[in-house]
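J.: A single structure is presented below for examination.
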Amino acid sequence: MDEASLIQSAQNGDLEAFNRLVLAYQELVYNQALRVLGEEAAAADATQEAFISAYRNIKGFRGGIFRAWMLRIVTNACYDDLRRRQRRPTTPLEPMDEAGDEVESPYWMVDDQDMPEEKVERKQLEQAILGCLEGLPVEFKTVVVLVDVQGLDYNEAAQSMGKPVGTVKSRLARARLRLRDCLHSYWELLPPEFRLKFEEDGHS
């Protein structure tokens, strides 16, 4: 996909070019909304709202990282939804399949070599991670999802959140410390890359 050409064409009113951008980023945008809001219907609405807003405002895109721009739009849509409800979401962030059934394990927890007892431990750990993530303030949860789940770097996350890089780093460090404390009893079961992130923040 020649993203730059598609963006330019979309800015010139080419709806087909914009639709190709939608197809490329709809899963990323939806997953962001789902993890922030915790509800499939609300996430779908926020995703639709985000792409409508992006289409209306794409002429204002002045370069940079397009996926970060899109994630900022959907994150703002999620914040608007939460403000309308005047509460944080209470629905657990359970990963669902297309049929609406709970997925046994999210992609970052999958291990085809797990024995039955290990699968039970993995399931418990999955529930613990999701529960601890849900317990974070929304601004902390957002930065964890952007960086540790979606894989954005600090600059991309800063652009998505509309915040300075320093704010992103500070919120992420504080969020990881809260998650580390919350997951204390599951510490040895955490994937090595998760433990490393939390330990780095704990010693910074």
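J.: Hey, which lysines would be in cross-link range of Lys141, C-alpha to C-alpha under 24 Å, not counting anything within fewer than 8 residues on its own chain?
T.: Within reach: Lys123, Lys163, Lys169, Lys197.
J.: For Gly135, what residues show an amide H to amide H distance below 5 Å, using hydrogens built from the backbone and excluding near sequence neighbours?
T.: none
J.: Would you kindly derive the ³J(HN,Hα) couplings of the stretch 2-8 from the backbone phi angles with the Karplus curve 6.51 cos²θ - 1.76 cosθ + 1.60 (θ = phi - 60°), listing them in order in whole Hz, with x for Gly and Pro?
T.: For the stretch 2-8, the Karplus-derived couplings read 8, 4, 4, 5, 5, 4, 4 Hz, x marking Gly and Pro.
J.: Treat each spin label as a single point 7 Å out from the Cα along the C-beta direction, and report the Arg56 to Glu139 distance in nm.
T.: 2.6 nm
J.: Order by neighbour count: Ile65, Ile7, Ile73, fewest other Cβ atoms within 10 Å first, most last.
T.: Ascending Cβ contact count within 10 Å gives the list Ile65, Ile7, Ile73.
J.: Here's a follow-up. Using alpha-carbon positions, what is the distance between the centroids of the stretch 52-66 and the stretch 122-166, in Å?
T.: Measuring centre to centre over Cα atoms gives 24 Å.
J.: What's the exposure ranking of Cys78, Cys132, Cys182, going from fewest to most Cβ atoms within 10 Å?
T.: Cys182, Cys132, Cys78
Where a number appears in this text, it was derived from the coordinates with a stated rule and is not lab data. This structure is a prediction, so every number in the text was calculated from the model and none was measured. All Cβ positions, glycine included, derive from the backbone under ideal geometry; neighbour counts span all protein chains shown.
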